[in-house]
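To keep things clear, I will list the structure first and then write my remarks on it.
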């Protein structure tokens, strides 16, 4: 029972606890998926008791949604830091392609979380009040980039920003999530540094040839 004289924990302590829970949960969900993840393991990693986890996040499903939202927020925030509006259109598009590739490469947990949510047909993201609002500025950023490219005569007209980004993401996502099976099929290590470099350059070439008005690159 809580003492009447007990002082409430400072907001910074609550924020730190929430951050620890999310970090531990991201690792657990990324490793085992929603079904395989264990709340006890998350609580142990976060150095809290299980009851406290439920106080912060309600239940396992809500915690998974919070992890997804944070994962998407992280990549969207990092993309905004690229400051694409300050770069020439071709340079900006190349920077976005490279960023996406290296982000996926350095954050495999993001790809695994997305895979897990797709297995559940995005039923958690459908409940999110944040997911659309955090993506709208990103789509606008790509749309503005395309408009600048058209205005300067280097990009073709009629490129849909959503379709463009889906293509950029897919070209890296498929390779990285399937490189183990593809390595067996093609008889070469597609996870080795030279193969990864080859793939990145191939993505840049394909995307730029699609977007450029005169794709002599």
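The values are calculated or read from the model by the stated rules, or taken from the named source; none is laboratory data. The model shown is predicted, which means the values in this text are computed figures rather than measured ones. All Cβ positions, glycine included, derive from the backbone under ideal geometry; neighbour counts span all protein chains shown.
Overview of values
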item	result
Unique residue being surrounded by fewer than 12 Cβ atoms within 10 Å (Cβ to Cβ), within 30 Å of residue 168 (Cβ to Cβ) and modelled with pLDDT of 95 or more when the list is 28, 91	91
Which listed residue, of 97, 75, is in contact (Cβ under 8 Å) with a residue 40 or more places away in the chain, assigned by TED's automatic domain parsing to the domain that holds residue 149 and in a helix (DSSP H, G or I)	97
First in the stretch 50-70 and more than 22 Å from residue 121 (Cα to Cα), second anywhere and exposed (fewer than 14 other Cβ atoms within 10 Å of the Cβ), Cβ under 7 Å, 6 or more apart	50/40
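Yes/no per residue for (1) touching a helix residue (DSSP H, G or I) at 6+ places or on another chain (Cβ under 8 Å); (2) in the same structural domain as residue 26 (by TED's automatic domain parsing); (3) within 30 Å of residue 91 (Cα to Cα):
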position: 107; (1), (2), (3): yes, no, yes
position: 110; (1), (2), (3): yes, no, yes
position: 117; (1), (2), (3): yes, no, no
position: 126; (1), (2), (3): no, no, no
position: 129; (1), (2), (3): no, no, no
position: 141; (1), (2), (3): yes, no, yes
position: 147; (1), (2), (3): no, no, yes
position: 151; (1), (2), (3): no, no, yes
